[in-house]
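What follows is one structure encoded as structure tokens, with my remarks underneath.
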Amino acid sequence: MIEFDKNKKIFNISNGSISYFIYVNSEGILENLYFGKFTDKINLEKRIKKQDNYSTQYYDKKENVEKMFADKFSVKHSLFEIGFHNGGDNRPAPIIVQKNNGMYDTNFKYISHKIYQGLPIFKSDEPHLTGGNAETLEITLKDEFSDVVLIYNLSIMLDKDIIVKNFILKNDGSNNINILRAFSGQLDLNSRKYKVHHFYGNWGNERNEEVNNVLVGEQVISSNYGRSSHEHNPFIFLTKNGANFTIGEVIGFNLVYSGNFKYSIFSDYTNTTRISWGINDYDFNWILEPENIFVTPQAVISYSKNGIDEMSHNFHSLIKENLIQYKKEADYKSILFNSWEGCTFNFSTKSIKDYATAAKEIGAELFVVDDGWFGHRNDDHSSLGDWFVNENKVNLKEVEIHVHSLGMKFGLWFEPEMISFDSDLFKKHPEYAVGLYREHPILQRSQLMLDLTNDEVIDNICCQMVRILDSIKIDYIKWDMNRDIKEHFIERLGKNHQGEMLHKYVLGYYKLIGKICKKYPDIMIEGCASGGGRFDLGTLYYCPQIWASDISKPSTRMFINFNTSLGYPLSTVGTHINNSEETSYEEKGMLSLFGTFGYEMNPLKLTEIDKKEINNIAEFYRKNHKDLFENGTLYHLVSPTKNNYMVMQVVNKTKDHSCLIVVKKEGTINKTLKLRGLDFKSTYKNDHTKYNGQDLMENGFEFKMNKPGVEIKLFDFKK
Ligand code: DGJ
């Protein structure tokens with residue numbers, strides 16, 4: 001419910017569980033009066049009283065006197081919805097626009113508003129949240145100093161504690177304006193007593209958790225690699241006063257975007273916190289011509305009054321119900337076999353068919369030919385951009401027919417955004433590559449980026465992909481991206497538009513993947529960027545799952561899957577069993593259940609024991625995946641960040657089945673852990689022993705692990 005009290009000029013935004021109050025103050029500036037757990041009372045007088053000591057004075061030019069703003073707000077201390085740039089609010093502003101006369105100041109003031117059911121409708125195909133179970137407040141504001149109009153969309157989900165924000169900038173003047181920063185949201189909090197949790201890493205080592213206090217000064221968490229998210233993920237959260245998985249206030253943040261992002265977390269002597277976030281303003285300068293608009297991606301806030309897991313659950317259901325557009329998302333997800341780790345580039349028609357036959361024997365239901373089937377690619381030095389079958393190496397049609405005849409689905413790897421200098425495409429169109437203006441264009445994995453700001457490039461790649469997808473029956477695509485943007489000068493864009501390149505690249509990626517999704521709605525696309533280098537809400541709009549990392553050994557994967565699943569549902573976290581020697585296939589399979597489940601190894605080298613173990617766990621997956629892992633509730637019990645082990649638990653909707661996974665990195669464990677989400681009154685059976693639900697939740701479940709090194713255990717509780 002969103003209501004506006006005309007007399008008090010207060011918006012009350014609530015879903016019965018959380019409340020957000022916004023005040024239009026005497027100057028038309030939006031103040032954040034309250035954000036948090038549900039309340040129906042807001043005391044405006046209290047806010048004014050509190051600010052008495054701080055209220056800002058101004059010079060009344062007409063009367064030539066010194067005055068105080070009518071309701072005594074303070075430009076330095078008040079909590080705002082949109083901080084203004086210059087004019088005394090020294091905290092970072094979410095929007096910075098330079099006008100034709102060179103002025104940087106902005107001050108957006110209320111003009112009008114409307115309230116409607118549902119989320120904002122996006123006119124373009126850019127990723128956005130969909131679904132009707134929401135209410136939206138659309139406030140129109142105008143800059144005090146120019147003809148820039150700002151539309152502020154703020155939606156509340158009615159069935160989950162989620163707030164969605166974004167801004168639309170409109171140039172209503174007759175001159176160009178330069179947008180120097182166009183974030184998507186801001187949240188001012190009345191305290192600094194928060195810890196910031198964020199996730200950093202690199203290739204093969206994604207999403208390590210870092211926790212620090214909100215700092216005095218500005219803390220920036222960002223990517224300027226042209227993509228999210230090996231180094232930092234756009235998902236972060238704040239915990240207040242020692243909140244843990246089950247207790248306390250937690251506020252999660254994310255952004256529906258796949259490129260450079262930035263969070264600014266700012267605090268000062270006022271002991272308040274400002275979080276503002278959106279597209280990174282690093283080398284960003286967008287020229288907005290008269291009558292044009294700039295739409296920022298959606299910023300998402302998840303609020304929990306009951307600890308970290310409630311914040312996660314909000315995100316999980318939002319992603320599944322309101323973000324992923326793949327129309328078969330609700331279907332059973334086939335067990336995936338991927339050829340990459342087993343044979344990399346080295347295969348022939350016969351050997352890959354043998355792989356498929358062997359993959360079938362261990363329960364695979366979808367067989368994917370990864371890199372190496374196109375152009376003349378036999379290693380990573382060539383052929384990106386040449387999306388035609390390498391007939392000298394493999395008869396792909398024959399492979400596809402073989403795979404389908406075995407009753408499996410067939411999938412193929414593409415890396416559509418890249419070009420090798422050793423490729424036909426480069427010979428014909430060197431101008432399609434980014435970075436050639438340098439004497440020594442920087443290579444990463446021997447490849448250059450394609451200029452996706454150019455529609456001609458998008459059409460070229462799209463046509464090539466269509467030719468393949470129309471000639472071979474393909475059920476699945478792995479969409480890879482193995483380098484980041486190291487150069488972003490594109491002469492074709494013109495001197496004044498270089499600051500647009502990084503965002504235009506992301507829009508080009510969306511255009512290309514959007515075209516493929518539209519033409520082939522049945523094909524499932526899995527996102528990938530050298531593992532988890534682009535794990536974000538923008539990509540999930542198109543790809544219901546994303547390969548989380550190139551490292552599958554449990555001692556590393558335990559961190560990646562645990563931490564990724566704090567912000568994203570397990571069904572999106574691409575996870576395979578591989579040939580890591582850390583532990584048995586059965587144990588590795590248990591970890592893969594807490595993700596998308598699949599295989600990545602040479603299936604011809606498996607022993608009979610390996611095959612038996614894999615088949616056992618595959619059977620467990622087939623029986624339980626939908627009910628337990630996909631549609632159940634995930635609880636995080638022990639984080640690996642400060643422990644030598646991690647524990648996660650899933651419980652199905654009817655609470656008659658629950659699974660607990662413990663992954664130990666080293667040492668021994670002798671623990672009693674309180675389980676979550678069970679039915680108090682029921683009896684559960686695990687390994688022939690009976691337990692009382694209440695007992696498991698209040699007194700805990702006792703277990704020991706003492707194998708040397710990595711050890712994984714799955715405890716299965718059934719009513
Ligand atoms: C990087 C991916 O993360 C791998 O899974 C694999 O697809 C390779 N690229 C192929 O080049």
- request: Residue by residue through region 402-423, note down the ones that are within 16 Å of the ligand (Cβ to nearest atom) and hydroxyl-bearing (Ser, Thr, Tyr).
  value: SER420, SER423
- request: Would you check which residues across region 67-116 are closer than 21 Å to PHE21 by Cβ, of a type in the set (A, V, I, L, M, F, W, C) and assigned to a loop (DSSP other than H, G, I, E, B) and list them?
  value: PHE69, ALA70, PHE73, VAL75, LEU79, ILE82, PHE84
task: Report yes if GLU291 is outside any helix (DSSP H, G or I), over 30 Å from VAL394 (Cβ atoms) and at pLDDT 95 or above, otherwise no.
output: yes
- prompt: For region 63-82, which residues satisfy the criterion of being crowded, with 22+ Cβ neighbours inside 10 Å and over 13 Å from THR270 (Cβ atoms)?
  reply: PHE73, GLU81, ILE82
task: Could you tell me which of the residues TYR282, TYR332, TYR269 is more than 16 Å from the ligand (Cβ to nearest atom), within 28 Å of ILE617 (Cα to Cα), touching a residue at least 24 places away in the same chain (Cβ under 8 Å) and surrounded by fewer than 23 Cβ atoms within 10 Å (Cβ to Cβ)?
output: TYR332
task: Scan LYS665, LYS718 and give me the residue that is of a type outside the set (A, V, I, L, M, F, W, C), under 32 Å from the mean Cα position of the chain (by Cα) and modelled with pLDDT of 95 or more.
output: LYS665
Tabulated pairs, region 403-432, first more than 25 Å from SER530 (Cα to Cα), second not in a helix (DSSP H, G or I), C-beta under 7 angstrom, 6+ apart or interchain: VAL403/PHE367; VAL403/PHE410; HIS404/PHE410; HIS404/LYS473; MET408/ALA364; MET408/GLU365; MET408/LEU366; MET408/PHE367
- line: Conditions (1) within 24 Å of PHE266 (Cα to Cα); (2) crowded, with 19+ Cβ neighbours inside 10 Å; (3) touching a residue at least 60 places away in the same chain (Cβ under 8 Å) -> ASP89 fails only (3)
- request: Could you tell me whether any residue of region 157-168 is among the basic types (Lys, Arg) and either at pLDDT 95 or above or within 30 Å of ILE324 (Cβ to Cβ) (or both)?
  value: yes
Number of positions in region 338-375 that are of a type in the set (Asp, Glu), away from the ligand (no atom under 16 Å from the Cβ) and touching a helix residue (DSSP H, G or I) at 6+ places or on another chain (Cβ under 7 Å): 2
query: Is it the case that GLY307 is small (Gly, Ala, Ser) and closer than 15 Å to TYR194 by Cα?
result: yes
message: For SER552, only one of the following conditions fails: (1) in contact with a strand residue (DSSP E or B) (Cβ under 6 Å, 6 or more places away or on another chain); (2) assigned to a loop (DSSP other than H, G, I, E, B); (3) away from the ligand (no atom under 13 Å from the Cβ). What is its number?
response: (3)
query: Does ALA358 fit the bill of being of a type in the set (A, V, I, L, M, F, W, C), at pLDDT below 95 and surrounded by fewer than 23 Cβ atoms within 10 Å (Cβ to Cβ)?
result: no
- request: Only one of these is hydrophobic (A, V, I, L, M, F, W, C) and farther than 22 Å from MET558 by Cβ: LEU673, LEU678. Name it.
  value: LEU678
message: Can you confirm whether LEU119 is touching a helix residue (DSSP H, G or I) at 6+ places or on another chain (Cβ under 9 Å), closer than 24 Å to GLU31 by Cα and in a loop (DSSP other than H, G, I, E, B)?
response: yes
message: Would you confirm, using the coordinates I've provided, whether PHE35 is crowded, with 20+ Cβ neighbours inside 10 Å and either farther than 27 Å from GLY173 by Cβ or free of Cβ contacts under 8 Å to residues at least 60 places away in the same chain (or both)?
response: yes
- request: Provide a single number: the residues in region 486-519 that are outside any helix (DSSP H, G or I) and touching a Pro at 6+ places or on another chain (Cβ under 9 Å).
  value: 2
- prompt: Only one of (1) under 19 Å from VAL368 (Cα atoms); (2) of a type outside the set (Phe, Trp, Tyr); (3) within 16 Å of the ligand (Cβ to nearest atom); (4) out of contact with any Pro (no Cβ under 9 Å at 6 or more places or on another chain) fails for THR564. Which number is that?
  reply: (1)
- prompt: ARG192: assigned to a strand (DSSP E or B), more than 30 Å from SER580 (Cβ to Cβ) and of a type outside the set (Val, Ile, Thr), yes or no?
  reply: no
- prompt: In this structure, does GLU135 turn out to be among the acidic types (Asp, Glu) and surrounded by 18 or more Cβ atoms within 10 Å (Cβ to Cβ)?
  reply: yes
statement: Of those in region 240-262 that are surrounded by fewer than 24 Cβ atoms within 10 Å (Cβ to Cβ) and among the polar types (S, T, N, Q), the residue modelled with the lowest pLDDT is ASN241
- prompt: With respect to LYS685, is the statement that it is touching a residue at least 24 places away in the same chain (Cβ under 8 Å), among the charged types (D, E, K, R) and crowded, with 16+ Cβ neighbours inside 10 Å true?
  reply: no
- request: Report, by residue number, each residue of region 520-533 that is near the ligand (Cβ under 10 Å from one of its atoms) and either assigned to a loop (DSSP other than H, G, I, E, B) or among the basic types (Lys, Arg) (or both).
  value: CYS528, SER530, GLY531, GLY533
message: So, in region 562-586, exactly how many residues are surrounded by fewer than 22 Cβ atoms within 10 Å (Cβ to Cβ) and more than 28 Å from the chain's Cα centre (by Cα)?
response: 6
query: Are any residues in region 475-485 within 16 Å of the ligand (Cβ to nearest atom) and in a loop (DSSP other than H, G, I, E, B), and if so, which ones?
result: ASP480, MET481, ASN482, ARG483, ASP484
field: The one condition in (1) on the phi < 0 side of the Ramachandran plot; (2) within 17 Å of the chain's Cα centre (by Cα); (3) within 16 Å of the ligand (Cβ to nearest atom) that ARG557 fails to fulfil
entry: (2)
- prompt: Given LYS713, LYS671, which one is surrounded by fewer than 19 Cβ atoms within 10 Å (Cβ to Cβ) and touching a residue at least 60 places away in the same chain (Cβ under 8 Å)?
  reply: LYS713
field: Every residue from region 202-225 that is buried (at least 18 other Cβ atoms within 10 Å of the Cβ), in a strand (DSSP E or B) and touching a residue at least 60 places away in the same chain (Cβ under 8 Å)
entry: GLU206, ARG207, SER222
All positions within region 424-445 that are within 15 Å of the ligand (Cβ to nearest atom) and under 26 Å from CYS517 (Cα atoms): none
- prompt: Mind checking whether some residue in region 262-276 is under 22 Å from the mean Cα position of the chain (by Cα) and part of a loop (DSSP other than H, G, I, E, B)?
  reply: no
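The values are calculated or read from the model by the stated rules, or taken from the named source; none is laboratory data. It should be emphasised that the depicted structure is a prediction, and the values quoted were computed from it without experimental measurement. Here Cβ is always computed from backbone atoms with ideal geometry, including for glycine, and neighbour counts include all displayed protein chains.
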